[in-house]
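Below is one structure, written out as structure tokens, with a few remarks after it.
Bear in mind that the values in this text are calculations on the coordinates, not laboratory data. Keep in mind the model is a prediction, meaning the values are calculated, not measured. Positions of Cβ are generated from backbone atoms using ideal geometry, with glycine treated the same way; all protein chains shown enter the neighbour counts.
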Amino acid sequence: MNKDIKYPQLRLLIDVIGSLAAVGFVIMMVFGSYFKNDTTGFELGINLTGELMPVSMTFLSIVIICAVASIVLQRIK
């Protein structure tokens, strides 16, 4: 941990929460991915509909909020 930061434990907690949310978002993308192969070619994509959409957007929102909070806490000296 950087000793120049005023609240190092809080920043570490926010970084851990953001990292876990990022992993959760990637897992939701993996669950929503599909691969379709037929005679005309193949198709690869991510389908985030139904229950996956709000969960994925929640994870993404948490990641963005934690990133902004981490930057703000880093600048407070």
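Of all residues in region 38-56, those satisfying the criterion of being out of contact with any strand residue (DSSP E or B) (no Cβ under 9 Å at 6 or more places or on another chain), on the phi < 0 side of the Ramachandran plot and not in a strand (DSSP E or B) are Thr39, Thr40, Leu48, Thr49, Glu51, Leu52, Met53, Pro54, Val55, Ser56. Within region 35-45, the presence of at least one residue that is aliphatic (A, V, I, L, M) and either touching a Phe, Trp or Tyr at 6+ places or on another chain (Cβ under 6 Å) or surrounded by 12 or more Cβ atoms within 10 Å (Cβ to Cβ) (or both) is confirmed.
Scanning region 46-64 for residues that are out of contact with any Phe, Trp or Tyr (no Cβ under 8 Å at 6 or more places or on another chain) and either among the hydroxyl-bearing types (Ser, Thr, Tyr) or in contact (Cβ under 8 Å) with a residue 40 or more places away in the chain (or both), which turns out surrounded by the fewest Cβ atoms within 10 Å (Cβ to Cβ)? Spell out the reasoning first.
From region 46-64, those out of contact with any Phe, Trp or Tyr (no Cβ under 8 Å at 6 or more places or on another chain) are 48-51, 53-55, 57-58, 61-62, 64; that's our starting set.
Pick out the ones that are also either among the hydroxyl-bearing types (Ser, Thr, Tyr) or in contact (Cβ under 8 Å) with a residue 40 or more places away in the chain (or both) and you get 49, 58, 61-62.
Details: Thr49: 7, Thr58: 14, Ser61: 12, Ile62: 17.
Checked region 46-64; the qualifying residue surrounded by the fewest Cβ atoms within 10 Å (Cβ to Cβ) is Thr49.
Of all the criteria given as (1) surrounded by 10 or more Cβ atoms within 10 Å (Cβ to Cβ); (2) farther than 30 Å from Ile71 by Cβ; (3) hydrophobic (A, V, I, L, M, F, W, C), the one not satisfied by Met29 is (2).
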